[in-house]
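Asker: Submitted below is the structure of interest, expressed as structure tokens.
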Amino acid sequence: MDVKGIFKFSSDIRQVKGMHKKAKYIEVGIIACLIILAAVAIFSFRARYGGNTLVVYFSRVGNTDFSEDVDAVSSASLRRERSGRLVGNAEVLANDIHDFTGADIHEIQVRDVYPEDYEQTVDRASEERNQNTRPELLNYVDNMQEYDNIILIYPVWWSTVPMPVYTFLEEYDFAGKTIIPIATHKGSFLGSSVSDLKQILPESHVKNGIAVSGGSVDFLKYWIIGALTGIVLLFYAIGMAKKCKENPVKARAWNICAVVSMLVAVICVIKLLL
Ligand SMILES: Cc1cc2nc3c(=O)[nH]c(=O)nc-3n(C[C@H](O)[C@H](O)[C@H](O)COP(=O)(O)O)c2cc1C
């Protein structure tokens with residue numbers, strides 16, 4: 001290699017080094033943004049829904065005396081935890097939100113439980129809805145006045161809120177309180193549940209609500225919690241960054257992924273906080 005060639009080679013190296021430096025700054029910038037986003041999400045969510053929030057849920061499983069050997073695989077809407085315990089979709093979400101926010105939790109339970117048979121439950125729910133029944137409840141919240149926010153989680157029944165939830169809502173004074181509806185469903189999304197809630201709680205701030213398909217609860221719960229905290233995305237981004245450290249092309253792909261993830265997280269956080 002002649003002298004000219006040596007100069008060109010060293011200038012190429014400097015150029016490549018410069019590119020690496022630039023990519024590194026971008027990586028550091030994106031990670032810093034993700035950390036800030038995660039911190040803001042955690043603090044604003046906990047500040048808003050921490051101490052004075054009650055997670056209230058109603059689920060078919062908690063309101064039915066299922067026999068030990070009930071078939072949770074082929075039965076509609078039934079699921080078992082790894083421990084073997086039967087669990088409802090609304091309950092899964094409620095427990096996760098309770099764990100994440102540290103908010104208190106309350107399960108709405110009826111005195112007269114629903115039949116084990118799905119179709120019979122559907123029939124009874126239809127009758128209760130048509131007759132505008134208020135099923136009697138088994139348990140109540142003693143200190144409702146202490147809560148400003150109610151995260152209300154329920155399965156959509158006949159396109160609206162199950163009637164025991166109506167009983168619950170009519171039991172207390174929710175004026176001035178914020179209600180955040182989260183519905184699990186099998187195709188109706190929120191149905192008319194949120195507009196019905198707005199109607200029966202005219203003096204409360206009923207939010208627009210989130211619908212989660214029952215079959216996607218396991219997937220969505222991580223997505224929701226992940227979006228709330230930004231932490232899942234942060235770990236994802238850090239993992240990708242490590243893998244792509246030595247490869248500028250992959251690093252660029254990672255940067256795009258991280259920016260898109262960040263935008264998704266921001267949108268989810270905004271949607272959940274509004
Ligand atoms: C009585 C009854 C009525 C239902 N009505 C609807 C409905 O109108 N629309 C819908 O999408 N899903 C409907 N479903 C399905 C549940 O909303 C869905 O399976 C939900 O995820 C169950 O949650 P859970 O396990 O917490 O009870 C109904 C289920 C039952 C038992």
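Asker: Residues that are assigned to a loop (DSSP other than H, G, I, E, B) and either charged (D, E, K, R) or away from the ligand (no atom under 13 Å from the Cβ) (or both): does region 55-63 have at least one? Before you say what the answer is, go through the steps one by one.
Answerer: In the first step, residues of region 55-63 are kept if they are assigned to a loop (DSSP other than H, G, I, E, B); the result is 58-60.
Filter once more, keeping what is either charged (D, E, K, R) or away from the ligand (no atom under 13 Å from the Cβ) (or both): 60.
There is at least one residue in region 55-63 that is assigned to a loop (DSSP other than H, G, I, E, B) and either charged (D, E, K, R) or away from the ligand (no atom under 13 Å from the Cβ) (or both).
Asker: Just to be sure, is THR121 outside any helix (DSSP H, G or I) and either aromatic (Phe, Trp, Tyr) or at pLDDT 95 or above (or both)? Explain how you work it out, then say what you get.
Answerer: Working: outside any helix (DSSP H, G or I): no; either aromatic (Phe, Trp, Tyr) or at pLDDT 95 or above (or both): yes.
So THR121 does not fit the description; no.
Asker: Scan region 114-134 and report the pairs whose first residue is closer than 18 Å to ASP69 by Cα and touching a residue at least 12 places away in the same chain (Cβ under 8 Å) and whose second residue is part of a loop (DSSP other than H, G, I, E, B) and within 9 Å of the ligand (Cβ to nearest atom), with Cβ atoms within less than 9 Å and a gap of 6+ or a chain change.
Answerer: From region 114-134, the pairs are TYR114/ARG60; TYR118/ARG60; TYR118/ALA76; TYR118/SER77; TYR118/LEU78.
Asker: Which condition breaks for GLU146 when tested against (1) within 18 Å of SER204 (Cα to Cα); (2) within 16 Å of the ligand (Cβ to nearest atom); (3) not polar (S, T, N, Q)?
Answerer: Unmet for GLU146, out of (1) within 18 Å of SER204 (Cα to Cα); (2) within 16 Å of the ligand (Cβ to nearest atom); (3) not polar (S, T, N, Q): (2).
Asker: I need the full set of residues from region 136-173 which are assigned to a loop (DSSP other than H, G, I, E, B) and more than 23 Å from the chain's Cα centre (by Cα), in order please.
Answerer: Matches in region 136-173: GLU136, LEU138, ASN139, TYR140, VAL141, ASP142, ASN143, TYR172, ASP173.
Asker: How many residues does region 168-205 contain that are within 16 Å of the ligand (Cβ to nearest atom) and surrounded by 18 or more Cβ atoms within 10 Å (Cβ to Cβ)? Even if it seems obvious, please write down each step before you answer.
Answerer: Here is the first cut: in region 168-205, the ones within 16 Å of the ligand (Cβ to nearest atom) are 168, 181-197.
Among the residues that remain, those that are also surrounded by 18 or more Cβ atoms within 10 Å (Cβ to Cβ) are: 168, 181-185, 190-191, 193-194, 196-197.
Number satisfying all stated conditions: 12.
Asker: So which residues in region 49-87 are modelled with pLDDT of 90 or more and of a type in the set (A, V, I, L, M, F, W, C)?
Answerer: Across region 49-87, the qualifying residues are LEU54, VAL55, VAL56, PHE58, VAL61, PHE66, LEU86, VAL87.
Asker: From the list VAL141, VAL165, exactly one residue is touching a residue at least 40 places away in the same chain (Cβ under 8 Å), of a type in the set (Val, Ile, Thr) and more than 14 Å from the ligand (Cβ to nearest atom). Which is it?
Answerer: Values: VAL165 fails: more than 14 Å from the ligand (Cβ to nearest atom).
That would be VAL141, the only listed residue that is touching a residue at least 40 places away in the same chain (Cβ under 8 Å), of a type in the set (Val, Ile, Thr) and more than 14 Å from the ligand (Cβ to nearest atom).
Asker: Pairs, please: C-beta under 7 Å, at least 6 apart or cross-chain, first residue on the phi < 0 side of the Ramachandran plot and in region 90-110, second of a type in the set (Lys, Arg)?
Answerer: Final answer for the pair search is VAL92/LYS221; LEU93/LYS221; ASP96/LYS221; THR101/ARG46.
The values are calculated or read from the model by the stated rules, or taken from the named source; none is laboratory data. What you are looking at is a predicted structure, and each value in this text was computed from that prediction instead of being measured. Ideal geometry is used to build each Cβ from the backbone, glycine not excepted, and the neighbour counts take in all protein chains shown.
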